[in-house]
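The values are calculated or read from the model by the stated rules, or taken from the named source; none is laboratory data. Nothing here was measured: the structure is a model prediction, and the numbers come from that model. No Cβ is skipped: glycine too gets one built from the backbone with ideal geometry, and neighbour counts run over all protein chains shown. Side chains included, ligands, DNA and RNA excluded: accessible areas come from the protein's heavy atoms. Shrake-Rupley method; radii C 1.70, N 1.55, O 1.52, S 1.80 Å.
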Amino acid sequence: MNRGGGRGTGSKLARSVYEQLRADIFEFRLLPGEGFSENEIASRARVSRTPVREALFRLERDGYLEVYPKRGWRVRALDFDALDQLYDVRVILESEAVRKLCTGDAREKLAALAKVWLVEPRKRVTDGARVARLDEEFHATLVAAAGNAEMARIHREITERIRIVRRLDFTHLERILFTYREHAAILRAIVSRRTARASALLRAHIETSKAEVRKITVRRLQLAHLDAKAGAR
């Protein structure tokens, strides 16, 4: 890593490489299990190996890459069983958060969410990437509003680890519309202190999302592999 006067420039380059590689992984331009070298990335990005190495190790820490000494780097394979387990932990954390919120008046704590999700159809956001961010904020806010800092920390870590597939839930307009309806119903149930209903709605919402992202991810991977084979001919 560059130090001293060149550190800012080096970090900026590393961030740029990181964002590009992360986008390539998320869009399956770099496929799970695909290997590459630092030199290949440096040549493609037209930068030195120093910012590339910094970006790669950051992606490794984030759980997207694996490094093999003397053999290079590889995109970490998707482990659907592990992802399912993370979704299951989400259900536990968010259900407990909902239970806590239903014991008091949560209206003020959830006011910002209401402004986003309790809106008439013409005011709804339809851009998938933006909805994905808003969805993360919705669930993170529920957990944070419950007032347990450790729960919120663990929930943030899970959010980071499932983001690669979770965002795919918002690539179809139908799923965006369902998300608006389901979030609105969850909010209304919490504000009304209907614990059982809010918990049931939340669980169904997360379980449906888990099933949808698996189907979409498998399909996207199939298409990406077909494109890769066609490009290699």
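With Cα atoms as the point set, segment 33-135 shows a radius of gyration and Dmax of 21.0, 58 Å. Remark: relative contact order (segment 131-222) = 28 percent; criterion is Cα-Cα distance under 8 angstrom and separation of 6 or more residues. In this structure the amide hydrogen of L65, modeled in the peptide plane, comes within under 5 Å of the amide hydrogens of E60, R76, none closer than 5 places in sequence on its chain. What shape does segment 144-191 have by the C-alpha gyration tensor, where a ≥ b ≥ c are the square roots of the eigenvalues, rounded means a/c under 1.5, and otherwise prolate means a/b greater than b/c and oblate the rest? It comes out oblate by the Cα gyration axes. Diagonalising the gyration tensor over the Cα atoms of the chain and scaling each eigenvalue by 5 before taking the square root yields semi-axes of 37, 21, 16 Å, largest first. Taking only Cα atoms, what is the 0 to 90° angle, nearest 10, from helix 195-232's long axis to the longest principal axis of the chain? Roughly 20 degrees between the two axes. The count of lysine pairs in segment 52-126 that are at least 8 places apart or cross chains, and whose C-alpha atoms lie under 29 Å apart, stands at 4. A straight line joining the Cα centroids of segment 123-147 and segment 148-196 runs 7 Å. Solvent-accessible area per residue in segment 92-137 equals 61 Å², computed with a 1.4 angstrom probe and all protein chains kept. Expressed as a rounded percentage, what relative contact order does the chain have, with Cα pairs under 8 Å and six or more residues apart? Across the chain, relative contact order equals 21 percent. Backbone phi angles across segment 189-194, fed through the Karplus curve with coefficients 6.51, -1.76 and 1.60 (θ = phi - 60°), yield HN-Hα couplings of 5, 5, 4, 7, 6, 9 Hz in residue order; Gly and Pro are listed as x. This model, with +1 at the C-beta of Lys and Arg and -1 at the C-beta of Asp and Glu, gives the chain a dipole about its Cα centre of some 460 debye.
Computed over protein heavy atoms with a 1.4 Å probe, the accessible surface of segment 155-233 works out to 55 Å² per residue. For the chain, the longest principal axis of the C-alpha atoms and the axis of helix 7-26 are separated by about 70°. Taken along the Cα-to-beta-carbon direction at a fixed 7 Å, the label points for V218 and E34 span 2.2 nm.
Hey, what did segment 9-138 get for relative contact order, percent, Cα under 8 Å, at least 6 apart? That works out to 21 percent. Taking only the C-alpha atoms of segment 65-123, Rg followed by Dmax gives 20.0, 58 Å. One equal scatterer on each Cα of segment 128-233, no solvent, Debye formula: the resulting log10 I(q)/I(0) at q = 0.13, 0.15, 0.17, 0.20 Å⁻¹ is -0.55, -0.70, -0.86, -1.12. Of the trypsin sites (Lys or Arg not before Pro) found in segment 37-138, the ones in coil according to DSSP and having at most 10 other Cβ atoms within 10 Å of their Cβ are R46, K70, R71. When the solvent-accessible area of segment 124-233 is split by element, carbon and sulfur atoms take up 52 percent of it, the probe being 1.4 Å.
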